[in-house]
Every structure is written in structure tokens, then in C-alpha cells.
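Q: One structure coming up, written as C-alpha cells, with questions to follow.
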Amino acid sequence: MDQRSPRSAPNGPGRPVTLRDVARAAGVSVATASKALNGQGRMAEETRERVRQTAKALGFRPNGLAQSLSRRRSFTVGLLTNDTYGRFTLPVMAGIADALVDNGVSVFLCNIEDDPRLAQTHVDAMLEKRVDGIIASGKRIDRHLPVDLSNLGIPVIYAFTEPDPDSIGFVSDDEAGARLAVEHLARLGRRRIAHVTGPSSFRVVHQRAKAYRDVLCEAGLEEPEQGVLTGHWTEGWGHEAAGYLFDGIGRPPDAVFCGNDQIARGVVDALRERGRRVPDDVAVIGFDNWEIVAAATRPPLTTVDMNLKDLGREAGLTLLKLVDREPIEPGIRKLPCRLVVRDSCGAPPGG
């Protein structure tokens, strides 16, 4: 038997020991640690015993869900997405992995693009591998993936994509997120707040526009002459929209709430070209909190974060409950957003 003593797990005060801690201390993968503790899988007996002794030394208490999974499951979950770029799927997947890894469950990603045949091929492969369940994710919440995931005989969760009827879905609360942005601008004393957003074919465009108008009404503010400007999810559109807002004959806005961070960055660049200071003259807020855009904008963007990693984590934990045959009420769960305040909008005018 290997006589090496287990390395200590880096637990903070009060944090329970996880399967990941046991795996790290025993020098094995999470999947190997799970199988060793549950008496499954092929491995050297000394490895199995080392894991058990490590778990005992660290005071590891097995998760009930993981134990139930280990009795009859494959320790794998499939993630389907048509978000080729990964803008939304990657943080969702990070949250899913966080939820599942401590239960010894692996996640494998399949990109189906928008091809029904490719999607069905991946689903068939997942079923052949006897995955414990499937999580479907996408690049927008108002479009269904091009594949039928009903009646597969395994649990299916939808995260940031249109769910099947009578299924379980997780989406961000876009309307509430828009309210956070516009309420913040109103609290800062901004009185002429414009809204520049993406294509009107997106459901979230209408949800955010409604929230924008509702907050203006509640704050006793009038919608600027330009109203809500719809266009594309691009910096170019933001730059173009700024021309409509600031080159016309009407009074220009003192704040712009944008439908995503790319649009906001285009607006900020156009304002700089016109000699207008952000946020002194015009406050700007984006949406998505896409770090490579928001943090790199000058000045850095205040923006709404959809908390996609938390969304993924909730989806993963719910899938585990379904695998464990816990009754879960079907329906769409809207998860809260948060406002991330940076330099483009953080103080009253001139503050």
C-alpha cells in the first residue's frame, strides 16, 4: 500500500470538505475519487484505499445526491448548445461544472450550431453513452434548439434557451435587469435617458424597453424625442445611433442605456469623437458585463450582469435533483441580474 500521507485540503473556516478536496489531496481525478469511495470502477486497490483514507483523514461527508447517482448512473451529463461563439454558453457551462464536479459528474459539450441533423447525431451519441441527463443552452432565450429533447427517458434542463412545454428552464430576468440600469441613472439625477438596443425580433428587446419606459414613468421623466432606437448588437450600430441622438436639432440625452456592451462601447467612442465627456456630460450603461468589452472600454462600462454562471449552477443542481428522482415543478425560473458599476456611470453629473 502507498504509505504517502494525504496532503491537507485548503479549506477555509467552516467550509465543508468536498469531493474535489479529497481528489486533490489523494492525487487523483474527481471521477476516480468518486468511484473509489463508491466501490465502482477499475483501479488499483492501493489507489482505492488511498482515496478512502484521505477522505477519512479530511472528514469528508459524501453528498447524498452523489451517492444516489453512483448507484445507477454514468457520472456524465451532456450539454448541447448552438452558441458557437460561446459568449453565453461558456459562463453557463462554468456554473454547471461547478455544480456537478463535486458530485463526481463530468460534463461534455456538443456544439450543434443550427443544424437539426447534427443536433440529433449528438443527442443519439449522448444516449448511447448513457448520460445521466442533458442541459440545453443557446445564444438567445426566445429560440428553441433545432432538436426534439422530449421523451428521451432522461432528465432535461434548459438554460438560457427556449424550453419545451412542461419542462424546466432557467433564464435571466432581463426586465428586472433593465430596471436596475434605468433606476440607477434616475437616482444619479439623469433626466433625459435614451435607450439604444438590438433588433426588434428579439423578445428581450421588448422586455427591456418596457422596463425602461416603466421606470421613466415612475420617476416622472419623459422619454426623449428619439425614443427607443433598435438596430443591431454591434459597436457599429452604437456609433451610428449616437449620431441620431447627438447630431439632431432636439435636446440631446444626458444618459444612454444600451442593450449590450458592444452597443455601449460604440456610443462611448462616438461621444468621445464629438468632444462629449463620459460620464460628466453623458452617462452610459451597457448590458451583459462582457469583461473583454466592458473593462476595456474607456472609461470602463457600468453594465448589467446576467449572472450566467449562477444560472448554470442552478441548472446543474436542479438536474442532479431530477436524476435523484426528486419532484421538481416544471416552468421557467427567472434569475436576478446585478448592476456592475464602473466609471461610465457611477456619480451624479459633474460629481
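The values are calculated or read from the model by the stated rules, or taken from the named source; none is laboratory data. Here the structure is a predicted model, which means the values were calculated and not measured. Please note: Cβ atoms are built from the backbone with ideal geometry, for glycine as well, and neighbour counts cover all protein chains shown. Side chains are part of the model used for accessible areas, which takes the heavy atoms of the whole protein and leaves out ligands, DNA and RNA. Shrake-Rupley method; radii C 1.70, N 1.55, O 1.52, S 1.80 Å.
Q: In segment 137-195, what residues are more than 22 Å from the chain's Cα centre (by Cα) and among the hydroxyl-bearing types (S, T, Y)?
A: Within segment 137-195, just S150 meets the criteria.
Q: Within segment 252-259, identify whether any single residue is of a type in the set (V, I, T), surrounded by fewer than 17 Cβ atoms within 10 Å (Cβ to Cβ) and either over 22 Å from the mean Cα position of the chain (by Cα) or in a strand (DSSP E or B) (or both), and answer yes or no.
A: Within segment 252-259 (the criterion being of a type in the set (V, I, T), surrounded by fewer than 17 Cβ atoms within 10 Å (Cβ to Cβ) and either over 22 Å from the mean Cα position of the chain (by Cα) or in a strand (DSSP E or B) (or both)), the answer is no, since none of the residues qualifies.
Q: It is to be established whether one or more residues within segment 238-246 are surrounded by fewer than 24 Cβ atoms within 10 Å (Cβ to Cβ), of a type outside the set (D, E) and farther than 28 Å from R140 by Cβ.
A: Yes, because at least one residue in segment 238-246 is surrounded by fewer than 24 Cβ atoms within 10 Å (Cβ to Cβ), of a type outside the set (D, E) and farther than 28 Å from R140 by Cβ.
Q: Checking Y158 against (1) touching a Ser or Thr at 6+ places or on another chain (Cβ under 7 Å); (2) over 30 Å from A283 (Cα atoms); (3) open to solvent by 20 Å² or more (accessible area, probe 1.4 Å), only one condition comes out false. Which one?
A: Here Y158 clears every test but (3).
Q: Could you check segment 260-280 and list, in sequence order, the residues that are more than 14 Å from I193 (Cβ to Cβ) and either among the aromatic types (F, W, Y) or touching a residue at least 40 places away in the same chain (Cβ under 8 Å) (or both)?
A: Of all residues in segment 260-280, those more than 14 Å from I193 (Cβ to Cβ) come to 260-263, 265-266, 268-278, 280.
Scanning segment 260-280 gives N260, D261, I263, V268, V278, D280.
Q: OK, next. I'd like the full set of residues that are open to solvent by 70 Å² or more (accessible area, probe 1.4 Å) and either out of contact with any Lys or Arg (no Cβ under 9 Å at 6 or more places or on another chain) or hydrophobic (A, V, I, L, M, F, W, C) (or both), limited to segment 209-224.
A: Passing the criteria: K210, R213, C217, E218.
Q: Identify the single condition in (1) buried (at least 20 other Cβ atoms within 10 Å of the Cβ); (2) modelled with pLDDT of 90 or more; (3) over 20 Å from the mean Cα position of the chain (by Cα); (4) closer than 30 Å to M306 by Cα that A66 does not satisfy, given that it satisfies every other one.
A: Of everything listed in (1) buried (at least 20 other Cβ atoms within 10 Å of the Cβ); (2) modelled with pLDDT of 90 or more; (3) over 20 Å from the mean Cα position of the chain (by Cα); (4) closer than 30 Å to M306 by Cα, A66 misses just condition (2).
Q: Of all residues in segment 260-310 being β-branched (V, I, T), farther than 19 Å from R187 by Cβ and buried (at least 24 other Cβ atoms within 10 Å of the Cβ), which is modelled with the lowest pLDDT?
A: Looking at residues that are β-branched (V, I, T), farther than 19 Å from R187 by Cβ and buried (at least 24 other Cβ atoms within 10 Å of the Cβ), I get T297.
Q: Now a separate question. Quick one: is G227 open to solvent by less than 70 Å² (accessible area, probe 1.4 Å) and on the phi > 0 side of the Ramachandran plot?
A: Yes.
Q: Still on this model: Cβ-Cβ below 7 Å, separation at least six or inter-chain, first residue in segment 166-189 and surrounded by fewer than 20 Cβ atoms within 10 Å (Cβ to Cβ), second polar (S, T, N, Q): which pairs?
A: E175/Q207
Q: Let me ask something else about it. Taking only pairs six or more apart or across chains, which ones have beta-carbon atoms under 6 Å, a first residue in segment 40-55 that is farther than 16 Å from G104 by Cβ, and a second residue that is open to solvent by less than 50 Å² (accessible area, probe 1.4 Å) and modelled with pLDDT under 90?
A: Sorted first by the residue in segment 40-55, then by its partner, the pairs are E46/D2; R50/D2.
Q: Condition first: closer than 29 Å to W233 by Cα and touching a Pro at 6+ places or on another chain (Cβ under 7 Å). Now tell me which residues in segment 116-153 satisfy that.
A: Those that are closer than 29 Å to W233 by Cα and touching a Pro at 6+ places or on another chain (Cβ under 7 Å): P116, A119, P146, V147.
Q: May I pose another question? Can you tell me which residue in segment 71-123 is nearest to the chain's Cα centre (by Cα), limited to those that are open to solvent by 60 Å² or more (accessible area, probe 1.4 Å), modelled with pLDDT under 90 and basic (K, R)?
A: R73
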